[in-house]
Amino acid sequence: MFAVKRFCAVIAVAAMVGGSSAAFAQQGRVYTTSDYAQAEKFMQYNVNPLVYHGVEKPTWLADGRFWFKDSGPDGVTYTLVDPAKKTKGPAFDHAKLATAMTAAATGGKTYSASALTISEFELVDGDKAVVVSAGGASGGAKLRCDLSGAGSCAPVQSAGKKRQARPAGGRGKPESVPSPDKTREAFIRDNNLWVVDVATGAEKQLTTDGVKDYGYATDNAGWSHSNGAVVLWSPDSKKIATFQQDQRKVREMYLVPVTNSHPDMQAWKYPLVGDENVTMIERVVIDVDKAKVVRLKMPPDQHRSTICDDVTCRGGDTSWDDVQWSADGKTLGFVSTSRDHKQEWMRVADTATGDVREVMGETTAKFFESGNGRVNWKYLPKSNELLWFSERDGWGQMYLYDLTTGKLKNQITTGEGNVTQVLQVDEKARTIYFLAVGKEAGSDPYFSHYYSVKFDGSGMKLLTPENADHTIAPSRDGHYFVDIYSTPTEPQTTVVRDASGGVVMDVAKQDITKLLAAGWVAPTPITVKGRDGKTDLYGLMFKPTSFDVTKKYPIVNHVYPGPQTGSCGARSFMAAHGDLQSLAELGFVVVCIDGMGTPWRSKAFHEAYWGDLGDNTIPDQVAGMKELAAKYPWIDLEKAGMYGHSGGGNATAAAMLHYPDFFKVGIAESGNHDQRDYEDDWAEKWSGLEVKNADGTSNYDSQANQKDAAKLKGHLLLAHGTMDDNVPMNNTLLMVDALIKANRDFDLLLIPNVAHGYGPATQYMTRRRWDYFVKNLAGGVPPAQYEMKPYAETQRILGSGPAEDEE
């Protein structure tokens with residue numbers, strides 16, 4: 001929404017003074033350009049192309065087949081799989097399609113058969129034609145390509161009038177939301193909701209009273225915002241559920257770009273922790289044909305969800321979570337969440353009258369969530385039931401409720417381990433298909449497995465028995481599912497299974513021959529005890545490929561404290577985990593440890609430091625690092641460092657201040673150092689509402705890093721993008737102000753005109769990170785201004801555009 005011109009210049013403000021390098025008085029190893037090239041060799045953009053035949057995001061078609069992009073030594077093949085016939089092959093003639101698309105393209109755009117850039121496609125006319133969406137083709141419009149003869153493509157358009165221009169959604173989100181039957185699309189113009197007829201281009205205004213800061217379907221949570229519309233179409237494509245968002249009393253956030261002229265200040269609504277007035281939503285249902293707005297008969301709701309710190313939680317689109325239609329469109333099920341995320345109300349609305357009734361609710365002492373990464377409650381009006389997720393017994397479980405009385409019928413899942421994502425519900429067979437973690441003895445508790453269970457709790461069955469992390473993509477009819485399984489040390493195997501878990505056919509095996517030939521080594525899974533000396537913590541350790549057991553290595557901890565996720569990420573196979581292996585190549589042991597207070601484990605584990613975000617899992621990180629050093633004599637615990645981004649930046653600064661004699665070097669990137677200067681939804685969920693005392697103090701005071709600035713002893717680099725609209729730069733400047741007042745030495749790197757991710761300056765930030773650890777932790781001398789691969793080239797290799805938050 002707030003695009004600005006980006007500059008390649010980076011401002012570096014150094015506050016180091018003489019004597020700060022006394023710990024390493026003698027010059028150590030002099031690093032060469034070759035040393036850094038060896039490190040860069042293991043960055044994602046260099047190692048991913050060495051891995052063949054991986055399967056990512058298999059897409060099911062309506063006819064029961066699915067496709068995926070198969071990257072091999074000769075390029076990309078769009079592969080079509082038919083489980084019923086047990087066949088697999090190219091989805092179309094790639095050479096013929098490339099020639100036809102090139103002929104239809106504008107501006108001299110050309111397409112290669114081995115590198116087609118297709119985001120989606122649909123086979124039509126008995127597979128003789130394909131409808132593709134490809135960037136650059138005919139101005140970016142869809143193409144219908146007839147491949148029955150020589151091959152020809154034409155834009156998918158009608159004789160109707162051309163659509164009026166509309167702004168892009170931004171942040172990787174679409175500008176409009178298509179109806180289920182694909183005949184109409186909903187979008188926002190001038191704070192009101194409109195639809196466009198896809199066939200004719202005719203536009204229709206649905207609402208008329210939307211005004212600035214009180215518009216319809218607005219996608220603005222403060223920290224995240226776009227021009228996309230937050231709506232949910234009814235299954236019959238006749239109605240839209242959305243809201244009128246009230247931010248009229250919400251205060252604004254301001255950012256000013258770096259320019260050599262008058263800057264255009266960015267200002268937008270951004271509620272903070274403790275604000276009296278925060279974003280509210282007024283729920284409505286719109287009859288699209290009649291352009292009739294039915295306002296639900298209830299007070300305004302908090303702008304909250306049961307799963308994330310927004311009302312739309314899926315990142316790549318503006319799908320409205322916590323709202324579900326009945327099949328006939330007559331009723332709407334939804335869940336309202338209190339401002340502090342401690343209370344939920346499941347409600348049902350009559351979409352014709354706006355009448356609302358409360359079915360049931362749940363209250364928790366700290367915070368409620370409805371799953372991990374996916375809303376798991378299901379509105380089942382056909383059987384007059386509700387599937388509900390709760391952690392009330394200490395684990396994430398599913399429950400069955402009566403939709404009329406709101407009474408519990410039975411608990412469905414039991415025992416240790418969490419239901420994480422309900423992927424499919426077969427109402428006729430009264431069976432739930434779901435992902436879960438921690439249910440298999442002897443398995444990594446972060447490995448995800450797929451299960452089925454009856455509504456009454458009987459017949460729970462493990463459908464994916466391999467001891468690995470499983471990614472699942474069920475077919476639309478539920479007859480089959482794609483199972484992609486791997487571990488951090490073992491590459492992918494992809495199969496198709498039937499609903500009972502039986503293997504129907506093999507699809508692909510990831511080939512890492514070239515990766516291994518390049519010298520790649522897998523990370524080492526680690527298990528250590530937490531701060532209590534009892535709780536098992538899991539993570540990964542990265543060592544140099546030239547590892548020598550007789551040497552001593554400084555240890556660097558890459559941290560993300562959560563509480564919504566952890567430091568290590570998924571336990572599936574990845575050729576690169578950020579720059580962890582690259583940093584290890586420079587002579588470090590690098591670790592990530594998922595500490596207490598992060599998800600996927602028990603409710604008690606996740607709540608470990610609720611109410612005290614200043615904890616940041618650091619006691620667990622220290623305990624784990626000490627245990628590793630006791631076990632492995634080649635770890636030099638006297639040279640311990642830490643780095644992290646966003647919450648990891650906050651945690652790194654906290655570690656340097658709270659454990660100044662343990663951590664010698666820290667790099668805090670884009671940290672939310674004081675939660676009161678960050679968005680309201682996130683911190684109020686994890687730390688509760690702010691309580692302001694008569695003397696001006698607050699329960700958030702102890703969680704602010706700047707209060708402990710005087711405790712800094714080691715080397716601290718603070719970094720931030722000046723146009724960060726997620727975690728505003730003021731968070732880092734609070735630390736700068738406090739450190740100056742405390743007369744402490746530190747380093748500061750401000751990157752002009754980039755947001756929360758560093759975009760074109762990513763490579764520069766990475767190199768500066770390596771330099772900082774090499775110089776201040778290893779005591780070495782980095783090569784002068786090593787040039788990494790240009791950012792644009794890395795994005796081309798990875799097949800992606802700008803990072804989401806750089807839009």
Taking the condition within 16 Å of residue 222 (Cβ to Cβ), crowded, with 18+ Cβ neighbours inside 10 Å and under 26 Å from the mean Cα position of the chain (by Cα), does residue 339 pass? no
Starting from residues that are more than 26 Å from the chain's Cα centre (by Cα) and buried (at least 21 other Cβ atoms within 10 Å of the Cβ), keep the ones in the range 464-507 and report whichever is farthest from residue 67 (Cα to Cα). 480
Across the range 65-88, which residue is nearest to residue 513 (Cα to Cα) among those that are hydroxyl-bearing (Ser, Thr, Tyr) and open to solvent by 20 Å² or more (accessible area, probe 1.4 Å)? 71
If you check residue 508 against the conditions, is it small (Gly, Ala, Ser) and more than 30 Å from residue 383 (Cβ to Cβ)? yes
Residues that are in a loop (DSSP other than H, G, I, E, B), in contact (Cβ under 8 Å) with a residue 40 or more places away in the chain and more than 25 Å from the chain's Cα centre (by Cα): does the range 359-382 have at least one? yes
Mind telling me which of the residues 727, 691 ends up being closer than 26 Å to residue 306 by Cα and within 24 Å of the chain's Cα centre (by Cα)? 727
Count of residues meeting criterion [under 20 Å from residue 427 (Cα atoms) and open to solvent by 40 Å² or more (accessible area, probe 1.4 Å)] in the range 354-379: 2
Tell me the residue from 436, 429 that is in a loop (DSSP other than H, G, I, E, B) and aliphatic (A, V, I, L, M), please. 429
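Any residue that is assigned to a loop (DSSP other than H, G, I, E, B) and under 30 Å from residue 391 (Cβ atoms) - is there at least one of those in the range 286-298? Quick ask: steps written out before the conclusion?
So the first thing to find is which residues in the range 286-298 are assigned to a loop (DSSP other than H, G, I, E, B), and the list is 288-291, 296-298.
Subset that is under 30 Å from residue 391 (Cβ atoms): 296, 298.
Within the range 286-298, one or more residues are assigned to a loop (DSSP other than H, G, I, E, B) and under 30 Å from residue 391 (Cβ atoms).
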Out of (1) open to solvent by 10 Å² or more (accessible area, probe 1.4 Å); (2) more than 26 Å from residue 699 (Cβ to Cβ), what's the single condition that is false for residue 583? (1)
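Looking at 91, 103, 62, which one is more than 27 Å from residue 474 (Cα to Cα) and either open to solvent by less than 40 Å² (accessible area, probe 1.4 Å) or of a type in the set (Gly, Ala, Ser) (or both)?
On the way: 91 fails: more than 27 Å from residue 474 (Cα to Cα); 62 fails: more than 27 Å from residue 474 (Cα to Cα).
When all the criteria are applied, what remains is 103.
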What are the pairs, 6+ residues apart or on separate chains, where a residue within the range 258-269 that is over 22 Å from residue 224 (Cα atoms) has its Cβ under 7 Å from a residue that is open to solvent by 60 Å² or more (accessible area, probe 1.4 Å)? 263/256
Of the residues 750, 777, 734, which single one is closer than 23 Å to residue 665 by Cβ, open to solvent by 50 Å² or more (accessible area, probe 1.4 Å) and either touching a residue at least 24 places away in the same chain (Cβ under 8 Å) or touching a strand residue (DSSP E or B) at 6+ places or on another chain (Cβ under 6 Å) (or both)? 734
Per-region count, the range 685-702, residues within 12 Å of residue 274 (Cα to Cα) and either of a type in the set (Val, Ile, Thr) or part of a strand (DSSP E or B) (or both): 3
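Given 351, 404, which one is open to solvent by 20 Å² or more (accessible area, probe 1.4 Å), out of contact with any His (no Cβ under 6 Å at 6 or more places or on another chain) and touching a residue at least 12 places away in the same chain (Cβ under 8 Å)?
Numbers: 351 fails: open to solvent by 20 Å² or more (accessible area, probe 1.4 Å).
On inspection, the qualifying residue turns out to be 404.
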Residue 406 vs. criteria closer than 18 Å to residue 604 by Cβ and not in a strand (DSSP E or B): no
Please work out which residue is nearest to residue 444 (Cα to Cα), limiting yourself to the range 465-479 and to residues that are hydrophobic (A, V, I, L, M, F, W, C) and not in a loop (DSSP other than H, G, I, E, B). 472
Candidate set from the range 94-127 (those that are without any contact (Cβ under 8 Å) to a residue 12 or more places away in the chain and small (Gly, Ala, Ser)); member that is nearest to residue 150 (Cα to Cα): 126
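Kindly indicate the residue of the range 604-614 that is open to solvent by less than 50 Å² (accessible area, probe 1.4 Å) and in contact with a helix residue (DSSP H, G or I) (Cβ under 8 Å, 6 or more places away or on another chain) and also farthest from residue 528 (Cα to Cα) among those meeting that condition.
Here is the first cut: in the range 604-614, the ones open to solvent by less than 50 Å² (accessible area, probe 1.4 Å) are 605-609, 611, 613-614.
Add one more test, that the residue is in contact with a helix residue (DSSP H, G or I) (Cβ under 8 Å, 6 or more places away or on another chain), and what stays is 611, 613-614.
Numbers: 611: 25, 613: 22, 614: 22 Å.
Step by step, filter the range 604-614, then rank; the result is 611.
On the given criteria, is residue 55 buried (at least 19 other Cβ atoms within 10 Å of the Cβ) and either of a type in the set (S, T, N, Q) or not in a helix (DSSP H, G or I) (or both)? Quick ask: steps written out before the conclusion?
Working: buried (at least 19 other Cβ atoms within 10 Å of the Cβ): yes; either of a type in the set (S, T, N, Q) or not in a helix (DSSP H, G or I) (or both): yes.
Against the criterion (buried (at least 19 other Cβ atoms within 10 Å of the Cβ) and either of a type in the set (S, T, N, Q) or not in a helix (DSSP H, G or I) (or both)), residue 55 qualifies.
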I need the full set of residues from the range 780-794 which are loosely packed, with under 15 Cβ neighbours inside 10 Å and assigned to a loop (DSSP other than H, G, I, E, B), in order please. 784, 785, 787, 789, 790
Taking the range 508-526 as the search range and keeping residues that are in contact with a Gly (Cβ under 8 Å, 6 or more places away or on another chain) and more than 30 Å from residue 81 (Cβ to Cβ), which one is surrounded by the most Cβ atoms within 10 Å (Cβ to Cβ)? 526
Checking the structure you have, find out if any residue of the range 232-246 is within 29 Å of residue 730 (Cα to Cα), assigned to a loop (DSSP other than H, G, I, E, B) and open to solvent by 10 Å² or more (accessible area, probe 1.4 Å). no
Quick count over the range 267-285, residues being outside any strand (DSSP E or B) and under 27 Å from the mean Cα position of the chain (by Cα), is 7
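Which residues, counting only those in the range 699-717, are among the small types (Gly, Ala, Ser) and at pLDDT 95 or above?
If the condition is that a residue be among the small types (Gly, Ala, Ser) and at pLDDT 95 or above, then 704, 709, 710, 714 are the ones that fit.
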Please state which of the following conditions residue 47 fails to meet, knowing it meets all the rest: (1) closer than 30 Å to residue 584 by Cα; (2) assigned to a loop (DSSP other than H, G, I, E, B); (3) of a type in the set (A, V, I, L, M, F, W, C). (2)
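Yes/no per residue for (1) part of a helix (DSSP H, G or I); (2) surrounded by 19 or more Cβ atoms within 10 Å (Cβ to Cβ):
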position: 624; (1), (2): yes, yes
position: 637; (1), (2): no, no
position: 640; (1), (2): no, yes
position: 652; (1), (2): yes, yes
position: 655; (1), (2): yes, yes
position: 671; (1), (2): no, yes
position: 683; (1), (2): yes, yes
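Considering every residue within the range 512-521, establish whether at least one is of a type outside the set (Phe, Trp, Tyr), in a strand (DSSP E or B) and more than 29 Å from the chain's Cα centre (by Cα).
Filtering the range 512-521 down to residues of a type outside the set (Phe, Trp, Tyr) leaves 512-519, 521.
In the following step, the residues that additionally are in a strand (DSSP E or B) were identified as none.
No, the range 512-521 contains no residue that is of a type outside the set (Phe, Trp, Tyr), in a strand (DSSP E or B) and more than 29 Å from the chain's Cα centre (by Cα).
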Any idea which residue in the range 530-557 is farthest from the chain's Cα centre (by Cα), counting only those that are more than 15 Å from residue 593 (Cβ to Cβ) and in a strand (DSSP E or B)? 553
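The values are calculated or read from the model by the stated rules, or taken from the named source; none is laboratory data. Predicted model, so just to flag it, every value in this text is computed and none were measured. Here Cβ is always computed from backbone atoms with ideal geometry, including for glycine, and neighbour counts include all displayed protein chains. We work out accessible area using only protein heavy atoms, side chains counted, and drop any ligands, DNA or RNA first. Shrake-Rupley method; radii C 1.70, N 1.55, O 1.52, S 1.80 Å.
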